[in-house]
1. Can you tell me how much longer the chain between R221 and L58 gets when fully stretched, taken as 0.36 nm per residue apart minus their C-alpha distance, in nm with one decimal?
2. Please list, or write none, the lysines whose alpha carbon is within less than 16 Å of the alpha carbon of K100, excluding same-chain residues fewer than 8 places away.
3. Per residue of region 72-86, in order, report the coupling 6.51 cos²θ - 1.76 cosθ + 1.60 (Karplus, θ = phi - 60°) as ³J(HN,Hα) in whole Hz, putting x for Gly and Pro.
4. I'd like the orientation of helix 95-108 relative to the chain: the angle between its Cα long axis and the longest Cα principal axis, in ° from 0 to 90, rounded to 10.
5. On a 0 to 90° scale, report how tilted helix 147-159 is relative to the longest principal axis of the chain, with both axes built from alpha carbons and the result rounded to the nearest 10.
6. Amide H of G64 versus every other amide H placed in the peptide plane: which residues, excluding those fewer than 5 positions away on the same chain, fall under 5 Å?
7. What length, rounded to one decimal in nm, is gained on full extension from R259 through to E65, with 0.36 nm per residue of separation minus their alpha-carbon distance?
8. Taking the chain as the reference, fit the longest principal axis to its C-alpha atoms, fit the long axis of helix 245-262 to the helix C-alpha atoms, and give the angle between the two in degrees, 0 to 90, nearest 10.
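A short reminder: the numbers here are calculations on the coordinates, not readings from a lab. Note that the coordinates shown come from a computational prediction; the quantities given were computed from them, not determined experimentally. Positions of Cβ are generated from backbone atoms using ideal geometry, with glycine treated the same way; all protein chains shown enter the neighbour counts.
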Amino acid sequence: MSTAKIQIRQVSKTFHSQGRPVQALQEVSLDIQANEFITFVGASGCGKSTLLRCIGGLEQHSSGEIRVDGRAVDRPGIDRAMVFQHYSLYPWLKVMQNIKFCRQLKVVSDSVRSDADIEVACGRADALLRLMGLSAFSEAYPNQLSGGMQQRVAIARALMPKPQILLMDEPFGALDAQTREVMHDLIRHVHRLEKSTILFVTHDVEEAIYLGGRVVLMAPRPGRIDSIYEVPLPAQRQQDMKLAPEFLGLKRQILARIRETSGMNTDLELLEQLTRTTG
C-alpha cells in the first residue's frame with residue numbers, strides 16, 4: 001500500500017463549452033510524498049491549474065481518484081490551502097484581520113475551545129506577520145500595499161490554519177523579477193519551517209527548477225503528465241545556483257520538451273512563408 005501523502009489515480013476532467021465537451025485532464029496519475037515541493041510547468045491549456053483545483057476540492061474531477069492521507073477528496077478541507085495569482089484579499093479588512101480571518105471562522109464554529117483558539121490564533125498571526133516582514137503594516141489596508149506585500153499577506157493567511165498541503169497557482173506571476181526572487185527564497189524558507197507539502201503551478205521553467213524538488217511537465221490537448229524531472233540541487237538554495245551548469249542544462253531540456261509538446265510550429269520556412277504572404 002502506498003504511503004504517499006497525495007495519491008492521484010487516472011484522474012480525468014471534462015468541461016463543457018458551448019455545448020461541446022473539452023477534456024482538460026486525461027488519466028493523470030502521480031504520487032506526492034509528505035513535505036515534497038512539486039512544481040508543475042507546461043504550455044497554456046495543459047491542465048496544471050485544473051489539476052491543482054481538483055486536489056484542493058474546488059473542482060470535481062470527472063473520473064479517477066484523488067486521495068489525501070488515504071481519504072478521497074470530494075470537497076475543500078482545512079488540511080489544504082490555496083494561494084492564487086490574484087491576491088484575493090478582503091479590501092475592507094486590515095492586514096492582520098485578513099491573516100486571522102479563516103481562523104476566526106473556525107472559532108465561531110467551535111465555541112467549546114474558542115478562548116484557547118483565539119489566543120493561539122493571535123500568537124500564530126503575529127509570528128506569520130514577522131516571517132513575512134510585514135510587522136509594520138498590520139494596520140494597513142490591502143490597497144496601501146505593493147503587489148509583493150499583498151501576496152505575502154495572502155500566503156500568511158493561507159498558512160494561518162497550519163495546512164498540511166499548500167497549493168499555489170502561479171502566485172508570483174504578476175510580480176517584477178526582483179520581487180519574485182525575494183518571494184522564491186521566502187516560500188522555500190516557509191517550506192523548511194512549516195514542513196508542509198507544496199504544489200506550485202507556474203509557466204516559468206526557471207522558477208519551477210529553483211523551487212521544486214521535482215518538476216512535473218504537463219502536455220496539452222488533453223492535459224496529461226509528459227515527463228517528471230528530478231532537480232539536481234541541494235535543499236538549501238541560493239539565487240546564484242541558477243547559473244550552475246546542471247541548472248542550465250535541465251532548463252534547456254525542459255524548454256525543448258515544452259516546445260515539442262506544445263504543438264507550436266517553429267519551422268523557419270513556414271515563418272518566412274507567413275512573412276511573405278502578409279507583407
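1. So the chain would gain 56.5 nm between R221 and L58.
2. Hits, sequence-local ones excluded: K162.
3. So the Karplus estimates, Gly and Pro as x, are 5, 8, 9, 6, x, x, 5, 6, 10, 10, 10, 10, 9, 5, 8 Hz.
4. Helix 95-108 sits roughly 70 degrees off the main axis of the chain.
5. Long axis of 147-159 versus the principal axis of the chain: about 70 degrees.
6. S12
7. 66.8 nm
8. Rounded to the nearest ten degrees, it is 70.
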